[in-house]
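**Q** Have a look at this one.
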Amino acid sequence: MKQYDLELLNIGKVYPGGNSAVEAFDLQVEPGEFISFVGPSGCGKTTTLRMIAGLEDITSGKLLIRGRDYTSVSAERRPTSTIFQNYAIFPHMTVRQNIGFGLDVRKVEAGDKKRRVDAIIDKLQLGDVAGAKEGSLSGGQKQRLALARGLVTEPDILLLDEPLGALDANLRKSIQEELKLLQRSLNITFVFVTHAQSEALSMGDRVVVMNDGRVEQISAPYELYTRPKSPFVARFIGRNNLFEGTLKEIRKDRVVVNTVFGTLRGTPGFDVERARSGSEAIVVVPSEYIEIDGAGTKAADPDFDSVDGVVRSVDQVGQLVYPTIVIDGGRELRLETYAEKVAGRGIEPGGRVTLRWKPVRATVVFDQ
Ligand SMILES: Nc1ncnc2c1ncn2[C@@H]1O[C@H](COP(=O)(O)OP(=O)(O)OP(=O)(O)O)[C@@H](O)[C@H]1O
Ligand SMILES: [Mg+2]
């Protein structure tokens, strides 16, 4: 049987008082995988992470780590380490003491402790500040110290709850890259919580999208971005345009939807066995795949789906252009494209335009 590093089998959490924070969460994590959890505030990310860490009781379901049942095992006996957003660094201890603390708690023998602390200080380049205290560390150094503390106990799984939330945008970007490289070189499984979709997509080998205590979708980043499986994911991830309608034709690899903008085609993002014609559905088209031209300048082409509209405004930021289009039927879309792609095409306020895309780029979803 295949051995996963981490398995969540239908786990759920009901807080005392009856608040159901997580329901029926199922996940299998491969050894060395980088998993991101993303979702709006209050959707249950931290609760799930704390259940994995043993900091919160699991109300229902099972938790396995490397095949062993840890559902009721206490936090200090789990092969996990947790890094929190505020790092929880001890201000009265030096960097070296902060790193060694977790080994003291585990009663690691002095020689072994020194060797492990030295190795991690070296790995995370904290040698210059080993004797310093929290007050004199930069944001990036604090972040590396938090990582060092998490890693020095040699966990099987590192759990990170919005660990970059306190950093400014530039530092955050460079630490994202460092963290990803570090994870690759250590080959330790990371479970990384964030509410920034770009961070979840750029860091994760797979991304778990959560909504209101439930898993909406678990996919590799590109798949998630291009093939949402639910209306929630289509709205939450990427820059999608949504066209509501009713299912007209359902085939395994292609569905047709009647909308007020005409019939539109797409790949089903759902189990076609469970779909009925006449049900409500949404055609999801990523902005990146939509071409914009002056109306009537391109001959009708059966390989494309299209809608017509009028340009309301055009914003430009550097090379990127954001036309806002009011499509016939009254709906507004904001597209993102490159200046060179629209130059000389009459894309200006008041102009009539045609938006078109290849149906293979569209995904059809509905609330199941
Ligand atoms: N100790 C608690 N007792 C009761 N309810 C709680 C407790 N902790 C969290 N909750 C509730 O559980 C739900 C999930 O909270 P959680 O902290 O897991 O969300 P989150 O996805 O981490 O949100 P954020 O992005 O804001 O950190 C929320 O409705 C929250 O109010
Ligand atoms: Mg949280």
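**Q** If each DSSP helix of 4+ residues adds -39,500 (n - 2.57) and the sum is divided by the residues in the chain, what number results at 222 nm, nearest 500 deg cm²/dmol?
**A** -7000 deg cm²/dmol
**Q** Also, quick follow-up: If you average the sequence gap of Cα pairs under 8 Å that are 6 or more apart and divide by the length of the chain, what percent do you get for the contact order?
**A** So the answer I get is 15 percent.
**Q** Straight-line reach from Lys114: which lysines have a Cα under 21 Å away, not including same-chain ones fewer than 8 places off?
**A** Lys123, Lys133, Lys142
**Q** May I pose another question? What lysines sit close enough to Lys2 to cross-link, taking a C-alpha to C-alpha distance under 24 Å and skipping anything fewer than 8 places away on the same chain?
**A** Lys62
**Q** Here's something else I'd like to know. Determine which residues of region 67-101 fall in the zone a paramagnetic label at Leu171 would reach in this model, i.e. backbone nitrogen under 17 Å from the point 7 Å along Cα→Cβ.
**A** 84-91, 95
**Q** Can you put Glu134, Glu273 in order, fewest other beta carbons within 10 Å first?
**A** Going from least to most buried by this count: Glu273, Glu134.
**Q** Less than 19 Å apart at the alpha-carbon level, and either on another chain or at least 8 residues along: which lysines does that give for Lys252?
**A** Answer for Lys252, where 19 Å is the Cα cut-off: Lys229, Lys358, listed by chain and number.
**Q** Of all DSSP beta bridges in the chain, what percent run antiparallel (nearest 5)?
**A** 75 percent
**Q** Still on this structure: So how do Leu160, Leu9 line up by other beta-carbon neighbours within 10 Å, fewest first?
**A** Arranged by neighbour count, lowest to highest, Leu160, Leu9 become Leu9, Leu160.
**Q** For Val14, Val95, what ranking results if the residue with the fewest other Cβ atoms within 10 Å of its Cβ goes first?
**A** Ascending number of Cβ neighbours within 10 Å: Val14, Val95.
**Q** According to the Cα gyration tensor, what semi-axes, each the square root of 5 times an eigenvalue, does the equivalent ellipsoid of the chain have, listed from largest to smallest in whole Å?
**A** Ellipsoid semi-axes (Å, largest first): 47, 26, 15.
Every number here is computed from the coordinates shown, using simple stated rules; none is lab data. All values reported here derive from a predicted model rather than from experimental measurement. For neighbour counting, all protein chains shown are included, and Cβ atoms are generated from backbone atoms with ideal geometry for every residue, glycine included.
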